[in-house]
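This report concerns only the one structure given below.
Each value in this text was obtained by applying a stated rule to the coordinates, not by laboratory testing. As the structure is a prediction and not an experimental result, all values here were calculated from the model. Virtual Cβ from ideal backbone geometry, glycine too; neighbours counted across all protein chains shown.
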Amino acid sequence: MVRTPSTMLPLGTTAPDFELPNVDGRSVAFADAAGPKGTVIMFICNHCPFVKHVADELAVLGREYLPRGVGFAAISSNDVSAHPADSPEQMVREAEDRGYPFPYLYDETQEVAKAYHAACTPDFYLFDAGKKLVYRGQLDASRPGSETPVTGRDLRVAIDRLLAGTEPPVDQVPSLGCNIKWKAGNHPPYFSP
């Protein structure tokens, strides 16, 4: 496990479009997942201990904010030939076990992860209603093995400010997690093992 921080895509970046298969078999584009007030895009996977540490809170966040007009989508971009625990079949089970109320999408080519400059799992992005990036970084300060409880504080503050029409948080801390498992020869230029 390589502890990898997020790349911190520049604020104001327009959300890259995508169309990926969901665990239920249907195809989901950014526009399908987007909420009228904003959209959270998360890069996660099944096996990463950093994701396992926060997965239940991700489901809670979705249930709390989806009714308030914030869309959510989770994307797994890991190389499943090297990490079969992250296969689409296992993603179906994970989504059911966790009760994810949002799409859980499979990025087989890893092109969506590259477009978002995703580097780790979990990696979080919040876009406003105009598809402009207003937050990227950690869910909260909790990490596996730490005494800090999982609250989703950092992302919650960003979403709450977006809903209130106020400025996003100034201090945005990079997420930290396992590196995305890139296919051989498919490493993006921003990747540093």
Inset, instruction - For the chain, just give the cysteines left without a disulfide-compatible partner, judged by no other Cys Cβ under 4.7 Å. - result: C45, C120
Inset, instruction - Give the long-range amide H neighbours of Q138: residues separated by 5 or more places, or on another chain, with amide H under 5 Å away, using H modelled in the peptide plane at 1.01 Å from N. - result: V173, S175
Legend entry - Cα centroid separation, region 15-74 to region 89-103 (Å): 11
Inset, instruction - Hey, for a label at D17 modelled as a point 7 Å past Cα toward Cβ, could you say which residues of region 103-136 have their backbone N under 11 Å away? - result: none
Inset, instruction - Note the listed values (i) 22, 18, 17; (ii) 33, 17, 13; (iii) 25, 19, 17, then indicate which one is semi-axes √(5λ) of the Cα gyration tensor in Å calculated from this particular structure. - result: (i)
Legend entry - Filtered trypsin sites (Lys or Arg not before Pro), region 94-179: DSSP coil and at most 14 other beta carbons within 10 Å: none
Legend entry - About the Cα centre, charge dipole magnitude for region 1-157 (Lys/Arg +1, Asp/Glu -1 at Cβ), debye: 560
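Do the sum for the chain: with -39,500 (n - 2.57) for every DSSP H run of n ≥ 4, divided by all residues, what is the mean residue ellipticity at 222 nm, to the nearest 500 deg cm²/dmol?
Working: 5 runs with 49 residues, N = 193.
The helix contribution divided over the chain gives -7500 deg cm²/dmol.
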Legend entry - Set of lysines with alpha-carbon distance to K52 below 19 Å, sequence-local pairs under 8 removed: K181
